[in-house]
Structure formats: C-alpha cells, structure tokens
Amino acid sequence: MIIKTKSQITFVGGGKMAEAIFAHLIAKDVLIPQEINVLDISDSRLDYLYKTYGVKTAYSTASAIDSDEPIILAVKPQDMETVLKEISKKLVKNLVISIAAGIKTEYIEKYLPNARIVRAMPNSAALVGSAISALSRGSKASKEDLEAAKEIFATIGEVIEVKEDLQDSITALSGSGPAYFFYLTELLEEAGVSIGLSKENSQKLATQTAIGAGELLETGKSPKELRKMVTSPEGTTEAAIKSFEESKLSNIVKKAVQKAHERSRELSKS
C-alpha cells in the first residue's frame with residue numbers, strides 16, 4: 001500500500017475536511033484508526049474524534065509528528081505560518097499534503113525546505129464521498145508521492161492532477177462549486193413558495209430535483225444533452241430556459257466564477 005511508508009499518517013488540524021478524509025480512509029479499509037493521528041488545538045474536538053472514530057489524538061506537535069510519516073496539513077490558511085514554524089522542528093523529508101486554500105507549495109517549502117509537498121483542493125462533497133479533488137506537485141515531490149496522495153483522495157471521490165497555476169481556477173469552479181448548487185436549490189425552493197407551494201413541499205421538491213439531476217449527470221451524457229432531452233419545443237421547460245437566456249444567466253455565472261477566481265488569487269501565499 002503506497003501511503004503506508006510507516007505505521008501512521010498525521011493530520012495537522014482536525015476540522016470537517018480532515019474528518020471526512022480519515023473517516024473514508026477507515027471506512028474503505030485503507031488504514032485502521034490506530035494508524036491515524038490527529039493534532040488539533042481544541043480539546044473538545046479531539047475528544048469527539050477519538051470517541052467517534054478511535055483515532056489517536058495529540059495536543060502538541062512534539063507528540064504527534066514523526067520525522068518519516070506522511071502529514072496532511074488541514075489548517076486554516078491564516079494559521080499556516082504558525083503551524084509550519086512549529087512542525088519544521090520535527091519534519092525532515094516527509095511527504096506533506098496541504099489542503100489549505102490559496103497556500104502555494106513554494107510557500108510551504110520556505111519553512112519545510114526538504115519536504116515533498118503536494119497541494120490538494122477537494123470540495124465539501126468529501127463529506128459524502130463524492131468530492132472532486134485536484135492535486136499538484138511541489139518541486140521535490142515525486143510521481144510516487146503524487147500516487148500516494150491520489151490513493152488518499154480517491155477515498156473521498158474523483159481525483160485529477162493539474163499544474164499548480166490552475167489551482168485558483170479549480171478553487172473557483174469546484175472548490176466553491178457546491179455552494180453554487182446549494183444556492184440555486186435555495187432559490188428554486190423560494191420560487192416554489194412564490195407560486196403557491198408550501199415551504200416544506202417546495203424544499204423537498206427542489207432538493208430531490210437537484211439530487212436526481214446529479215444522478216442523471218452520472219449517466220455519461222453531457223449537461224447540454226440532458227438539458228435538451230428534457231426541453232420540449234414550446235413546453236414549460238423551454239419557457240424557463242428562454243427566461244434564463246433573456247436574463248443573461250450565462251454571463252451572471254461566468255462573472256461569479258471569475259470573482260471567486262480573483263478572490264482566490266488575492267488570498268494566495270507564495
């Protein structure tokens with residue numbers, strides 16, 4: 001097994017995304033709980049993770065990190081500098097995988113000059129094992145390191161490899177993307193209420209419609225094919241699509257993703 005270069009892997013940060021990753025590593029028998037170590041500043045969070053999954057927990061870097069094991073950096077971008085300074089005292093040539101948005105591999109390499117860095121951008125669908133994660137190699141990471149990272153992130157969904165200069169685009173499209181679909185579903189729910197449906201029924205109809213549409217996309221047909229398939233000439237769907245076009249919805253979506261892309265670039269640290 002690629003990632004088991006030693007008997008454990010350490011997560012620096014025990015938030016929701018870290019939890020999603022190691023929960024699926026356990027569920028898919030890639031690792032057992034005793035092979036997973038979680039470091040976090042919150043005692044209550046560590047207590048919850050230990051009681052829920054049986055993973056090992058640690059309150060200090062000294063007790064959590066070994067000089068050989070793979071490390072996953074799952075901390076907030078604004079906390080990264082402090083964390084890197086602390087763990088640099090323990091790390092040597094470890095494989096270090098960062099899921100912090102906007103933090104470039106060269107930034108991490110300033111503090112961990114000998115580490116092999118892989119940058120990853122998963123999205124919140126990791127919570128249900130349906131994420132899409134984009135991986136990029138740092139200057140010292142090997143193909144084997146990338147394969148090890150792929151093995152980890154494949155447990156939470158699909159994985160692609162991209163050049164690091166595309167990570168801000170990935171963040172804007174798929175990293176933030178689930179929220180776009182949640183927002184559209186929210187708007188559909190509100191629209192249903194506006195035409196006489198109860199809030200409860202409108203929410204159920206909008207939510208299940210979103211779920212069903214997602215499953216149709218998994219059939220292999222393109223979004224355009226599926227849209228045309230359910231759009232009858234002179235029918236109700238065509239009337240709605242024409243309204244979208246008249247309101248220039250395509251321009252609104254493009255502008256929104258561009259704004260997210262710009263913000264991701266503003267937040268980047270290198």
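Here, each number is a calculation from the coordinates, and none is a lab measurement. Note that this is a predicted model, so its numbers are computed, not measured. Cβ sites come from the backbone with ideal geometry, for glycine too, and all protein chains shown count toward neighbours.
Average projected area of the Cα convex hull of the stretch 111-162, in nm²?
On the way: hull surface 14.7 nm².
Computed as one quarter of the Cα hull surface, the answer is 3.7 nm².
Cross-link list 90/110; 76/269; 104/254; 143/163; 16/56; 104/150: which exceed 20 angstrom alpha carbon to alpha carbon?
Working: 90/110 15 Å; 76/269 13 Å; 104/254 25 Å; 143/163 14 Å; 16/56 17 Å; 104/150 18 Å.
Beyond 20 Å: 104/254.
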- Item | residue 9 long-range amide H proximity, modeled H, under 5 Å | 36, 37
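Is it possible to state the helix-based mean residue ellipticity at 222 nm for the chain, with each DSSP H run of 4+ residues giving -39500 (n - 2.57), the sum divided by total residues, to the nearest 500 deg cm²/dmol? What is it? Don't jump to the answer; show the numbers that get you there.
Details: 12 runs with 131 residues, N = 270.
Computed ellipticity for the chain at 222 nm equals -14500 deg cm²/dmol.
Rank the residues 198, 88 as a footprinting-exposure proxy: fewest other Cβ atoms within 10 Å of their Cβ go first.
Numbers: 198 10, 88 17.
Going from sparsest to densest Cβ surroundings: 198, 88.
Contact order normalised by length for the chain, with contacts defined as Cα pairs under 8 Å and 6 or more residues apart; what percent is it?
Working: 415 pairs, mean separation 41.8, N = 270.
Relative contact order comes out at 15 percent.
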- Over the stretch 64-134, what lengths in whole Å, largest first, do the semi-axes of the equivalent ellipsoid take, defined as the square roots of 5 times the eigenvalues of the alpha-carbon gyration tensor? 22, 13, 11
- Message: Suppose each label sits 7 Å from its Cα in the direction of the beta carbon; what would the residue 198-residue 45 distance come out to in nanometres?
- Response: 4.0
- Over 26 Å, how big is the tail of the calculated P(r) for the stretch 1-160, in percent of all Cα pairs? 16
- Item | Cut-off under 5 Å, modelled amide H: who pairs with residue 69 long-range | none
- Message: Taking the number of other C-beta atoms within 10 Å as the exposure measure, put 209, 105 in order starting with the fewest.
- Response: 209, 105
- Item | the chain: mean projected area of Cα convex hull, nm² | 16.4
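Can you say what percent of the DSSP beta bridges in the chain, counting only those with both residues inside, are antiparallel? Round to 5. Before the final figure, lay out the partial values.
On the way: 4 of 27 bridges.
Counting DSSP beta bridges with both partners in the chain, the antiparallel share is about 15 percent.
Using the Kirkwood formula on the Cα atoms of the stretch 193-270, what hydrodynamic radius do you get, in angstrom to one decimal? Before the final figure, lay out the partial values.
Values: mean 1/r = 0.0639 Å⁻¹.
Result for the stretch 193-270, one decimal place: 15.6 Å.
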